[in-house]
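The values are calculated or read from the model by the stated rules, or taken from the named source; none is laboratory data. What you are looking at is a predicted structure, and each value in this text was computed from that prediction instead of being measured. Glycine also receives a Cβ, built like all others from the backbone with ideal geometry; neighbour counts cover every protein chain displayed. Note: areas computed on protein heavy atoms with side chains; ligands, DNA, RNA excluded. Shrake-Rupley method; radii C 1.70, N 1.55, O 1.52, S 1.80 Å.
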Amino acid sequence: MPQTVHLSSWLALLLVLLYASVIIASVIVVLRENRNPIRALSWVIALVFLPGVGLVFYLFFGRSLRGMQLISRHNKRKLMHDHTQRRVDINELNLAAENRSLIKLAHTLCRAPFTVNNNIDIFTDGESKFEALKQDLRNAKKSILLQYYIFLDDNIGREISSILIEKALAGVDVKVIYDPVGSFSARNRFFKNMEKAGVETHPFFRVNFPHFANRINWRNHRKIVVIDGETGYIGGMNIADRYVSSPKSKGGSGEGVWRDTHFRVKGDIVESLIYSFVIDWNFLKKHPYIPKVLPVRTGEKNLTGIQLVTGGPTERWNNLSLCFLRAISSARRTILIQTPYFLPTDALFNALQAAALAKVDVRIMMPQMTDSKLLHYASFSYVTQCLKAGIKVYLYEPGMLHAKAMIIDDAFVTAGSTNFDFRSFENNFECNLLIYDAEINRKMRDIFFDDLARCRKLTLEQWRKRPVSQRFNESLLRLVSPIL
């Protein structure tokens, strides 16, 4: 009996030492990555003071992919060689100095070419967006490249799926990328039915054993469609009924119809959409897919300048965060932001406060209704500091505000899939258009102020009267906001 007890003691000691070694190694990895100090400290605290739980959370959500190559440099060079866009000399264009600097930054970060000769249609409701998309898909003659974070097996999803199947059977080259976590509720047979008809489907970063822990946190949040190399779609809307009908009518969470922003584009920028799709399609593949259908020159002649900026956890830099920071820091008159979740990095939050204190008109619009209580309380934790700095905060009341847009001064807009939060800036694969055009700026500004009429403006006096329980939830979730 004493020998058994002695052996058990040694075994317990060995397990403790082994676990301590794993924790120390994990902490060293966190520190060596030289990540955001607050974020790093959050993980160190979780690892040290939450035995077992902290390690599990770190394995699932804390590891970094920074510097990992989506495809080989050789294949990327080959793709770039086969997709050489028209070069535009920005020095010959009538651009503000701030925008000229931003164009150079975006090109340096991810080689985002500056394009002109573009046409943009703006959608702010799902019904009109999906009607246009379905019509364009039905008219496809050669190819359809379609990528969504969420592709659900609901009414809208089945309509889109049926069109894709019909076009594939007619000989159109149809390729679909979906995120397996975002599209989790869609059954496998939904995508299998498309595959049987000749639609090539590709789950991005499939989450399965033994790769569950090191893949679940890295999601492809992009929404891109390119039809016949001529017409492109990009924005915040996924393929789901929530954009055309209220989830509340089906016993949902009462978020109302989701309000979002999406673009339909034609012109030189379409080639950038193709390139982004192809990079994702070739993710972890040995032989690159080269589209047979080249971008179509529409004959559009104008100076509507656009760049496509992509970002993700594998990039060397936080591309979108840096572009946002540069744009905010360059603002002289107005900064208008719409976002479903407001969890800014320290640098971005300081830049917004500095702008407001310098008497720039800074306005942030967030949803009153939400699909995530955790993110909602975490977002609200920033409101007091915003109001004290002079930032105007509005809560959109009719439904879930899912739009992701930033309108600065008179000639710059950025919109796409990127939320104003840590996850979009650091963990998700995202894409945004940077638009340098006074007319598009005016249209987006009109949309913002039209939405503003449906908002409740917060004041510091009213905000201070919110319930103590809400304040506690905000403070608690603010502590872990960097890792939400």
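Conditions: (1) modelled with pLDDT of 95 or more; (2) out of contact with any strand residue (DSSP E or B) (no Cβ under 7 Å at 6 or more places or on another chain); (3) over 21 Å from Ser245 (Cα atoms); (4) of a type outside the set (Phe, Trp, Tyr). Asn188 meets all but one. Number of the miss?
Every listed condition holds for Asn188 apart from (1).
So which strands (runs of 3 or more DSSP E) are wholly in segment 349-445 and hold at least 2 residues that are over 21 Å from Leu320 (Cβ atoms) and in contact (Cβ under 8 Å) with a residue 60 or more places away in the chain? Please lay out each step first, then the result.
Working: elements: 361-367, 392-396, 405-408, 412-416, 430-436.
Of the strands (runs of 3 or more DSSP E) lying wholly inside segment 349-445, those with at least 2 residues that are over 21 Å from Leu320 (Cβ atoms) and in contact (Cβ under 8 Å) with a residue 60 or more places away in the chain span 392-396.
For Arg456, work out the one condition from (1) assigned to a strand (DSSP E or B); (2) within 26 Å of Ala106 (Cβ to Cβ); (3) open to solvent by 60 Å² or more (accessible area, probe 1.4 Å) it doesn't fulfil.
(2)
Could you grab the pairs with beta carbons closer than 7 Å, sequence gap of 6+ or different chains, first residue in segment 452-464 and under 22 Å from Gly399 (Cβ atoms), second one assigned to a helix (DSSP H, G or I) and of a type in the set (A, V, I, L, M, F, W, C)?
Once the first residue is under 22 Å from Gly399 (Cβ atoms) and sits in segment 452-464, its partners that are assigned to a helix (DSSP H, G or I) and of a type in the set (A, V, I, L, M, F, W, C) give Leu458/Val383; Leu458/Leu387.
From the list Asp82, Asp89, which residue is over 21 Å from Asn428 (Cβ atoms), open to solvent by 20 Å² or more (accessible area, probe 1.4 Å), modelled with pLDDT of 60 or more and among the acidic types (Asp, Glu)?
That would be Asp89, the only listed residue that is over 21 Å from Asn428 (Cβ atoms), open to solvent by 20 Å² or more (accessible area, probe 1.4 Å), modelled with pLDDT of 60 or more and among the acidic types (Asp, Glu).
Can you tell me which residues in segment 108-123 are open to solvent by 40 Å² or more (accessible area, probe 1.4 Å) and more than 15 Å from Thr414 (Cα to Cα)? Please lay out each step first, then the result.
Step one: filter segment 108-123 for residues open to solvent by 40 Å² or more (accessible area, probe 1.4 Å), giving 108, 111, 119, 121-122.
Within segment 108-123, Thr108, Arg111, Asn119 qualify.
Open to solvent by 10 Å² or more (accessible area, probe 1.4 Å) and farther than 30 Å from Phe114 by Cβ - does that describe any residue in segment 412-425?
no
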